[in-house]
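One structure below.
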Amino acid sequence: MYISRYIEETVKKTSKTFKVLYLGGPRQAGKTTVLKHLAKGSGMTYVTLDDREMRRLAQKDPAMFLESFTLPILIDEAQYAPELFPYIKMKVDNSTKRGRFWLTGSQTFSMIKNLQESMAGRVGILKLLPLSFAEKNGITKRKQAFFISNEKEALKQRPPVLNKDIKDIFEDIIEGSYPELAGKNSPSAELYYSGYLQTYIERDLSAFFGVRKQSDFHSFLQLCAARTGQILNISELAKDAGISVNAAKEWITILETSGIIYQLKPYHRNFSKRLIKAPKLYFLDTGLAAHLTKWKTAESLRFGNMAGAFFETWVVSEIIKSYTNRGEEPPAYYYRDKEGHEIDLLLEKDGVLSPIEIKMKIAIGEDDLKHIRYLKKKHPSLIKTGVVITATDKMYFWDSETVIYPATGIN
């Protein structure tokens, strides 16, 4: 059964604007499924470069490859044949029609750079991450990206997923967000992620990134999962993994460009220099992180020592999805100074910041707002409505400048 996705409207708009549409993202996030669903009945040709013969032709004779098919065309796994891009450019330059080429592929840095350089102004680039909590619960009609404006009214447009509580959130955390896990006849998370890692490590790492030490990389991935929700100390990570700092930096970049992790940058503009400069590390799929850190059940994780880190990771990943699904780069940062003041998330719009705290509890006290209060007092012109995301089941106002918001309503 097809699961509706928020990104569908973004794809339609982008295809009407650009001659070429590229939909990237991690393996098995649902890229091909979404585009085939949207292309249904349009007469669009479909070809996948997973087919070795098609791949060989696209690489060796890209002109002949393109002449073999009728436009419009959806080319799946386009990262296997970047040789096609100059010839696609020639095709679209000879026509005024939009949306004639739809491409999918892994979200690799070299792939995006190649597209941007060879088809500047002609290609609309989107990213699809795995399912959001709202999508898994059949909600895809919300109008507003999460807190994309600094107005309290924007939050009211995003009611929570009803009848879901902290137990349901941790079930979702353990299950993960890949579409194949959402069906009635889906495999167990344990079986799925074991296969996913084998495919990712054996195919993508070797083919696109030249990583040969696969067992070392797997161990590195486990160490990263154990640090989800934490400030990244690259030297410590490299030491624990038994690799050089340069190798650790390279592998972190690989994980980020593959859509496995997200590095939340610290906010420092207009602030003092006494700030932490390292990014925070988040897995974009909590199921994969749970698998790598050996958490087997939602209950054991919920009452375990990583519960807070996983809850925060889940919230941040949901907010990131709410922006990428609309074709936007998340304007997201965190704040931490050397005196220990910390804000989990800062969302920026038009130079104004919305501070967000993430608390894995229902009852909120004044102490939970102290860092928002501190930042607001220190930078009154920069800081607008503060939000505390919790396990509550409804939105309410703590005061005129602070909103308590349910975690089940953020995507």
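Laboratory data are not the source of any read-out in this text; all were calculated from the coordinates shown. Predicted, not measured: the structure shown is a model, and the values here were computed from it. We place every Cβ from the backbone using ideal geometry, glycine too, and count neighbours over all the protein chains shown.
Structural remarks
- Mean separation of Cα contacts under 8 Å (6+ apart) over length of the chain, as relative contact order %: 17 percent
- Distance from segment 342-363 to segment 229-250 (C-alpha centre basis), Å: 27 Å
- FRET efficiency for GLN222 and LYS13, using Cβ-Cβ distance with R0 set to 45 Å, rounded to 0.05: 0.70
- Additional length obtainable on full extension of the chain from LYS296 to SER95, 0.36 nm per residue less Cα span: 67.0 nm
- Mean Cβ neighbour count within 10 Å, used as a protection proxy, ranking 287-298, 50-61 highest first: 287-298, 50-61
- Helical contribution to [θ] at 222 nm, DSSP H n ≥ 4, -39,500 (n - 2.57), averaged over the chain, rounded to 500: -11000 deg cm²/dmol
- Summarising the label geometry, the points placed 7 Å from Cα in the beta-carbon direction at GLU328 and LYS141 lie 2.2 nm from one another.
- Extension gain, GLN214-THR33: 0.36 nm per intervening residue step, less the Cα-Cα distance, totals 62.2 nm.
- Cα gyration tensor category, rounded, prolate or oblate, for segment 55-108 with a/c compared to 1.5: oblate
- Diffusion coefficient, µm² s⁻¹, Stokes-Einstein with Kirkwood Rh over alpha-carbon pairs of segment 261-411 at 10 °C and 1.306 mPa s: 98 µm²/s
- Candidate cross-link partners of LYS384 among the aspartates and glutamates, defined by an alpha-carbon separation under 15 Å and a same-chain spacing of 8 or more, comprise GLU151, GLU153, GLU348, ASP350, GLU357, ASP399, GLU401.
- Virtual spin-label span in nm between GLN59 and ILE276, 7 Å along Cα→Cβ: 4.4 nm
- When all alpha carbon pairs of segment 80-121 are counted in 5 Å bins from zero, the resulting P(r) reads 5, 20, 35, 26, 11, 3 %.
- Of the peptides 345-355, 370-380, the order by per-residue mean of other Cβ atoms within 10 Å, starting with the highest, comes out as 345-355, 370-380.
- Net dipole in debye of the chain [+1 Lys, Arg Cβ; -1 Asp, Glu Cβ; about Cα centre; nearest 20]: 1000 debye
- Net length available on complete extension from ARG122 to PHE397 is 94.5 nm, with 0.36 nm assigned per residue and the Cα-Cα distance removed.
- Overall Cα dimensions of segment 229-291 - principal axes, largest extent first, Å: 38, 27, 19
- The overall shape of segment 1-108, judged from the alpha-carbon gyration tensor, is oblate: a/c is not under 1.5, and a/b is no greater than b/c.
- Take the Cα of LYS370, step 7 Å toward its Cβ, do the same at ASP51, and the gap between the two points is 6.4 nm.
- When the C-alpha to C-alpha distance is required to be over 25 Å, the pairs from LYS127/LYS296; LYS13/LYS265; LYS213/LYS321; LYS338/LYS359 that qualify are LYS127/LYS296; LYS13/LYS265; LYS213/LYS321.
- Take the Cα of GLU348, go 7 Å toward its beta carbon, and the backbone nitrogen atoms of segment 237-279 under 18 Å from that spot belong to 263-279.
- For the pair segment 282-313 / segment 35-61, the C-alpha centres are spaced 37 Å from each other.
- Dimensionless Rg/Rh of the chain - Kirkwood Rh, Rg from C-alpha atoms: 0.97
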